[in-house]
Each structure stands twice: as C-alpha cells, then as structure tokens.
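Enquirer: Here it is: the structure, laid out below.
The values are calculated or read from the model by the stated rules, or taken from the named source; none is laboratory data. This structure is a prediction, so every number in the text was calculated from the model and none was measured. Here the Cβ positions follow ideal geometry from the backbone for every residue, glycine too, while neighbour counts run over all protein chains shown. With ligands, DNA and RNA removed, areas are computed over all heavy atoms of the protein, side chains included. Shrake-Rupley method; radii C 1.70, N 1.55, O 1.52, S 1.80 Å.
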Amino acid sequence: MLNALDVLLAILSLAAVYMLYLRLTQRRQPPYPPGPPGYPLIGHLRAPEEPSWVTYRDWGLKYDSDIIHLNMAGTHLIVLNSLQACIDLLQKRSGFYSDRPIAGITMLTELCGLGWSFGLQRYGPEWRDGRKAAESQFNAHVVQRYRPALMLEVSRFLDRIRANPDTWRKHLKLLAGGLIMSVGYGIDVQEESDPYLTAAEHTSECFQKALVPGTYLVDVLHFLKYIPEWFPGAAFQQHAKNWRKSIMYIRDAPYDVVKERMADDPEATPDCIAKGLMEGMEKSEKDHGYMERVHRGVVGSMYLAGSDTTEAIIASSFLALVRHPEIQKRAQTSIDEVCQGRLPNFTDFDRLPYVDALVREGLRWNPAVALNLPHMNTKDDVYKGYFIPANSIVSANIWAILQDPTVYPDPTTFVPERFLRTAPDGRVALDPSVPDPTHVAFGFGRRECPGRFMAYQSIWLALARLLAAFSIDRARDADGRPVVPKAEYVWGLTNHPKPFPCDIRPRSREHAALVTEALDVAEGRQ
Ligand code: HEM
C-alpha cells in the first residue's frame, strides 16, 4: 500500500522531471525576435496606437532588428519591418505564412456574417478556389477588358468635378464605388442614395469598426455570442443584426442581378467579373452550388477591399499635387507634349512615364494600407536565429518599407522624379534600379492583392485625365494668401488625408469642353 508520503514523493519527482524536460527543450528553442518588454507572463495588453507602424519601425531601429515580437497576452505578434524579411517569410515560405488569424473577429465573421469575405478567409480549399477565380478575372491581361468601364466612370468623375469642384471628395467616393460596381457587376450606380453603395458603405463601416481590437467584448469572450439580443448589455447583437442585413445584401443582391440578366440574355449582359465567373463555372467540375457561394464571396469582397483603398490613394495624390504645384506643372507639360490637346488614353501609357512615376509615388508616400492585413503562420519557424511560433500574427510594415531612406532618400517628401532617369538617348524613362512600390503596397505572397492591376489602371487613368484637364491649386485665405495644406491623415485600416482646402478648375474653356466631350463619347452619345 502506498502511503501519503510516497504519493507526494512521486508527484514531486514527476514535477522535477517535467521541469527538467521543459528546461532542456526550452534551451533548444531559439529566442523570440526582440521587442519591448511587457508585463510578466501576460506580456502586452494592447498593440501601440495608430500610427502603430511608426512605433514598430522605431522599435526595429532601437533593437537593431528588422523583425519585432510582442507577446499579446499569449498571442504572438510579429512585425516585419524590411522588404527582405517579407520576401523571405511571406513570399518564399508562403506555403505556411498565408493563413489569416480568426481570433478576435467573432463579431465581424460570426455575428455580422462577414465570414464570406474572401480577404478574411482562412488559408484552405475554399479560399484557394476563390483565389483561383479572382486571379482568372483580375489578372493583368483580363482587366484590360474592363477598360471601357473604367473610362466611363473616370469621365463621369471629371464631369462631376467640372460641374461641382468643391465636392470633389464626394465625387471621388462615387468614382471608387462606381468602378467596383461597374467592373464587378456591370451595374450603373445612381449619383444619390444608390442602394448598393449604401449597403456597401454600411458594410465598410462595420468592417472598419469591428476590426479595431477591443471594440467588442464578444471578440474576447466568445461565449457572449450566444446571449440573445433582448438581454441587458447585448446591444452588440442589435448592431450585428443591423449590419448583417447590409452585409448579406451586398454579397447577394448585385450578384442576383447578373444571374437574372444571364438567364435572360447572356449576350446582352454587360461584361463584368460576375459574368466572367458565371461563364467559367459552366466548365467547372466542382459542385455548382458551392462554386456560386465562392464566387459571390469573391466579387462581394471587391468593394470592401478595393473602394476605400483606391479612393485613399487618389485623395493622397490630390493632396501632394496641391502641396507641390511644380510637380503638377511637370506632369501637365509631359501630358500636353504627348496628347497635344486631347485627354490621355490607355494607349498613351508607355509614353507618359511621369504619370506612371506619380502613381508610384502616390502609392509610396502615404500608403493606403500602412500595416498589411495580418497573415498567420501555420507551423513553428526559425528566421535569422529567432523563433516564430505557429499561429503568430505576422504583419508586414508596408509604411516602414516604403519610407526606408536607404531605398527612397528623403522619404517623407513627395518626389515622383525618384522613379525616373534620363536614358542615353535623352528620353525620360522609369528607372528600373529604383524598387517599384507596387511590389510592397499591395501586400505579399499568396495573399497579395488580386485587385492590384485594376487599382493601378484606375488610379493612372483618373490622375492622367484629371491633370490633363484641370489645375488643382491652393485655396486662398481671407487675406488672399495661398494655403499650403498640411499632410494630415485619418489613420485606420486604410489611411485617408483629412479634408483640406483646394481650388480645382478647368485649365481653360477648351479643357472643360474636352471633359464634356469625353463623357459624351464614353456614354455612347457621340
Ligand atoms: C490602391 C488600391 C489598393 C491597395 C493599396 C490594396 C492593398 C491591399 C493589401 C495590402 C492587401 C493585403 C495583402 C496581404 O495580405 O498580403 C489586399 C488584399 C486584397 N485586395 Fe487590395 N488593394 C487595393 C485595391 C484593390 C482592388 C481595386 C480590389 C478588387 C477589385 C482589391 C481586392 C483585394 C482582395 C480581394 C484582397 C484579399 C486577398 C486575399 O486575402 O487573398 N484590392 N489589398
């Protein structure tokens, strides 16, 4: 018979062996990447406030490391501050760095119903099918098919600016949303109170709000999701129900329009991504019900991922142009030389390197997405001698990479010329030795933005035509002095310049006429 002392001794021996085991195995585990010390055991309770990307860059400099680690109460957060680290991990090891973390987004995915969003989905068969579908429609070749739609939306945008220049931000929002609805579904949006744009904006509001850590307790205490909405303190259930309506509407209503049009007359259905996917599905051997769900998620994600970001970059470029009239002049001179009194077209692309450089600088200067959407690694890893445990949240510091002074000297200044050089034959061309920010601003590896070609084309066309037809000058104060707007931003998931004054007007009556003519042509009236 064992007495109490034997049992105690046995327990103590087992504990000693276990401690020894832990010590031995822990000694073999390399250290985590460096980072600021947190509280004992729990680490950090919250990530730094926005602009967190600046803090992460500064920590990188302080600890002399391009990867930073924070223990967030047991969740490991890894921030990659250099392009090399992003390439090494998110690209070269993309086989296990392409998951998305789902912890902390119960409100968004389960209660609001945004789990269908392709950008939030976990790395698995459904995401892979969605990605394949997206690549088939968004690739550099296929997006050219949507150029007439881009031309029409940009023409409408410029004409609205001509008519009401002071509300250019409203026109810009409509441009970004209209582009997505037109390219995605072949739907023409209404200028005021469009039902699709209203639902998409409501969905976007949910996305921006619910993704901020700490907004909803249910993201930490998951069992709260079972509390009924009438229960005291369960207002979040009401919010979720309200958002859910818009979230399901924006996924299904426009898709159903295309489905009906296709059933009626496929030939007459306007070319759009939803139509392309429906046509592709006819050849697919996969279950059509399943594929339709995947496709609804892919096209439905376009607004969330593509509207705010495109709008942010164009608004940021407006700001830079007002701050730097000399850059505006150079861009206009280069356009005038090539276009000789007409508005630029996509066929002018190769002959307008200055506009190309301007778009690159717009993407670099104040990136729309400063801290990349988080990736998650599905297995333990060691990089540069540091341990990165499985299920870490891994974020690329896009801002830090695009503000690296060793790559982009004087990085806080807007200088499109940094991307240009004069070739031996005297012509100005893009300088291939300067890293192209599009390889950073749109993320990395298998989760890299599938909408990047469409985004680039839209921004290029909007800016090229805007500069050709309008001057965007500084507004004047009460004493008639020009006001240089500050480069101030509203930080968030996407970064937008704060409202700033400017004075937009056609460069001449002839330029104003070009804008109306272009709209007539794009609308098929001429
Ligand atoms: C200037 C405009 C844009 C910027 C700066 C931008 C940037 C990004 C970034 C940084 C990511 C995350 C990549 C990663 O996780 O590594 C992303 C993902 C995504 N973007 Fe964009 N984007 C833009 C426009 C668009 C457009 C126009 C569309 C669609 C038409 C789009 C669709 C998507 C989708 C669906 C994802 C999720 C991809 C996935 O999780 O597999 N984006 N974008």
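Enquirer: Measure off, as a whole percent, the carbon and sulfur share of the 1.4 Å-probe accessible area of the chain, all protein chains present. Before the final figure, lay out each step's value.
Expert: Details: 14370 of 25210 Å².
Of all accessible area on the chain, carbon and sulfur atoms account for 57 percent.
Enquirer: Run the simple label-point estimate for E337 and L41 please: 7 Å along Cα→C-beta, distance reported in nm.
Expert: 6.9 nm
Enquirer: Here's something else I'd like to know. Show the residues, 5+ positions off or on another chain, whose built amide H is closer than 5 Å to the amide H of H76.
Expert: Long-range HN contacts for H76: I393.
Enquirer: Holding the Cα-Cα limit at 27 Å, pick out from K259/K286; K92/K286; K170/K245 the pairs that are longer than that.
Expert: Working: K259/K286 19 Å; K92/K286 30 Å; K170/K245 25 Å.
Correct reply: K92/K286.
Enquirer: Sticking with this one: Assuming a ≥ b ≥ c are the square roots of the Cα gyration tensor eigenvalues, decide whether region 224-377 counts as rounded (a/c under 1.5), prolate (otherwise, with a/b larger than b/c) or oblate. Could you put the intermediate results ahead of the total?
Expert: Details: a/c = 2.77, a/b = 1.47, b/c = 1.89.
Verdict is oblate for region 224-377.
Enquirer: Below 8 Å, C-alpha to C-alpha, sequence gap of six or more: please give me the relative contact order for region 416-526 in percent. Walk me through the numbers before you get to the answer.
Expert: Details: 74 pairs, mean separation 19.1, N = 111.
Taking the mean separation of contacting Cα pairs over the length of region 416-526, I get 17 percent.
Enquirer: Sticking with this structure for a sec: Just need the relative contact order of the chain here, percent rounded to a whole number, with Cα pairs under 8 Å and 6+ apart.
Expert: Working: 727 pairs, mean separation 113.8, N = 526.
22 percent.
Enquirer: With θ set to phi - 60° and the Karplus curve 6.51 cos²θ - 1.76 cosθ + 1.60, what are the ³J(HN,Hα) couplings of region 299-308 in order, to the nearest whole Hz, using x for Gly and Pro?
Expert: Values per residue, Gly and Pro as x: 5, x, 6, 4, 5, 4, 8, x, 7, 4 Hz.
Enquirer: Going by the alpha-carbon gyration tensor, a ≥ b ≥ c the square roots of its eigenvalues, is region 369-526 rounded (a/c under 1.5) or, if a/c is not under 1.5, prolate (a/b greater than b/c) versus oblate? Don't skip to the answer; put the middle values down first.
Expert: Values: a/c = 1.92, a/b = 1.81, b/c = 1.06.
Verdict is prolate for region 369-526.
Enquirer: Mind jotting down a quarter of the surface of the convex hull over the alpha carbons of region 162-230, in square nanometres, one decimal?
Expert: On the way: hull surface 29.9 nm².
Directional mean of the projected Cα hull area for region 162-230 stands at 7.5 nm².
Enquirer: Also, I was wondering about something else. For labels at E517 and R147 in the simple 7 Å Cα→Cβ model, what's the distance in nm?
Expert: About 2.0 nm, to one decimal.
Enquirer: Another question, if that's okay. Kindly sort T167, T109 by accessible area of their heavy atoms, largest first, with the probe set to 1.4 Å. Before the final figure, lay out the partial values.
Expert: Values: T167 60, T109 35 Å².
From most exposed to least exposed: T167, T109.
Enquirer: Using a ≥ b ≥ c from the Cα gyration tensor of region 282-326 (square roots of the eigenvalues), is it rounded, prolate or oblate, where a/c under 1.5 gives rounded and otherwise the larger of a/b and b/c decides, a/b for prolate? Write out the running numbers ahead of the final one.
Expert: On the way: a/c = 9.87, a/b = 4.49, b/c = 2.20.
Cα axes put region 282-326 in the prolate bin.
Enquirer: A further question on this structure: Helix 52-62 sits at what angle to the longest principal axis of the chain, using alpha carbons and giving 0 to 90 degrees rounded to 10?
Expert: On a 0 to 90 degree scale, this one is about 60.
Enquirer: Residues with amide H under 5 Å of F387's amide H, sequence separation 5 or more or different chain, H placed in the peptide plane at 1.01 Å from N; which?
Expert: Close amide H contacts, sequence-distant or interchain: Y32.
Enquirer: Using the basic label-point model (7 angstrom from Cα toward the beta carbon), what is the V382 to D166 distance in nanometres?
Expert: For V382 paired with D166, the spin-label model returns 6.6 nm.
Enquirer: So between F231 and D503, what do we pick up on full extension, going 0.36 nm a residue minus the alpha carbon distance?
Expert: Numbers: separation 272, 0.36 × 272 = 97.92 nm, distance 5.24 nm.
Going from the current span to full extension adds 92.7 nm.
Enquirer: Follow-up question, since we're still on this one. Report the accessible area of D58, computed with a 1.4 Å probe over the heavy atoms of all protein chains in place, in Å² rounded to the nearest 10.
Expert: Around 70 Å² of this residue is reachable by solvent.
Enquirer: Using only the Cα atoms of region 68-522, what semi-axes does the equivalent ellipsoid have when each is the square root of 5 times a gyration tensor eigenvalue? Give whole Å, largest first. Intermediate results must be reported in sequence, preceding the final value.
Expert: Working: eigenvalues 256, 154, 104 Å².
So the equivalent ellipsoid measures 36, 28, 23 Å along its semi-axes.
Enquirer: Within region 209-248, list the residues whose amide N lies under 18 Å from a label point set 7 Å along Cα→Cβ of T109.
Expert: 209-226, 240, 244, 247-248
Enquirer: What length, rounded to one decimal in nm, is gained on full extension from R122 through to E292, with 0.36 nm per residue of separation minus their alpha-carbon distance?
Expert: Numbers: separation 170, 0.36 × 170 = 61.20 nm, distance 1.85 nm.
Residue separation times 0.36 nm, minus the Cα-Cα distance, leaves 59.4 nm.
Enquirer: On to the next question. Starting from the eigenvalues of the Cα gyration tensor, five times each then square-rooted, give me the equivalent ellipsoid semi-axes of region 304-394, largest first, whole Å. Could the numbers behind the result be given before it?
Expert: Values: eigenvalues 319, 40, 35 Å².
Working through the eigenvalues yields semi-axes of 40, 14, 13 Å.
Enquirer: Under the rule that an exposed site lies in a DSSP loop and has at most 13 other Cβ atoms within 10 Å, name the longest stretch of the chain with no GluC sites (Glu not before Pro) of that kind, not counting the sites themselves.
Expert: Working: sites that count: E49, E191, E192, E229, E267, E285, E488, E523.
For GluC sites (Glu not before Pro) (loop position, at most 13 other Cβ atoms within 10 Å), the longest site-free span of the chain is 286-487.
Enquirer: Sticking with this one: Each residue of region 282-291 in order: what ³J(HN,Hα) in whole Hz does its phi give by Karplus 6.51 cos²θ - 1.76 cosθ + 1.60, θ = phi - 60°, with x for Gly and Pro?
Expert: 4, 8, 6, 8, 6, 4, 5, x, 5, 5
Enquirer: Still on this structure, I have one more. Averaged per residue, what accessible surface does region 68-522 expose to a 1.4 Å probe, in Å²? Don't skip to the answer; put the middle values down first.
Expert: Details: 19410 Å² over 455 residues.
For region 68-522, the per-residue accessible area is 43 Å².
Enquirer: Check which residues have an amide H placed less than 5 Å from F470's amide H, if you skip close sequence neighbours.
Expert: Excluding prolines and chain starts, which carry no amide H, the hits are R507.
Enquirer: Let me ask something else. So what is the calculated 222 nm ellipticity per residue for the chain, using -39500 (n - 2.57) for each DSSP H run with n of 4 or more, over all residues, to the nearest 500 deg cm²/dmol? Intermediate values should be presented prior to the final figure.
Expert: Numbers: 16 runs with 251 residues, N = 526.
Dividing the helical sum by the residues of the chain leaves -16000 deg cm²/dmol.
Enquirer: Quick check: residue separation of Q84 and E135 times 0.36 nm, minus the Cα distance between them. What number comes out in nm? Working shown, then result.
Expert: Numbers: separation 51, 0.36 × 51 = 18.36 nm, distance 2.52 nm.
Taking Q84 through E135 to full extension adds about 15.8 nm, to one decimal.
Enquirer: Quick one: what are the phi-derived ³J(HN,Hα) couplings along region 150-165, Karplus 6.51/-1.76/1.60 with θ = phi - 60°, whole Hz, x for glycine and proline?
Expert: 5, 4, 5, 5, 5, 5, 5, 4, 5, 5, 5, 5, 4, 6, 9, x
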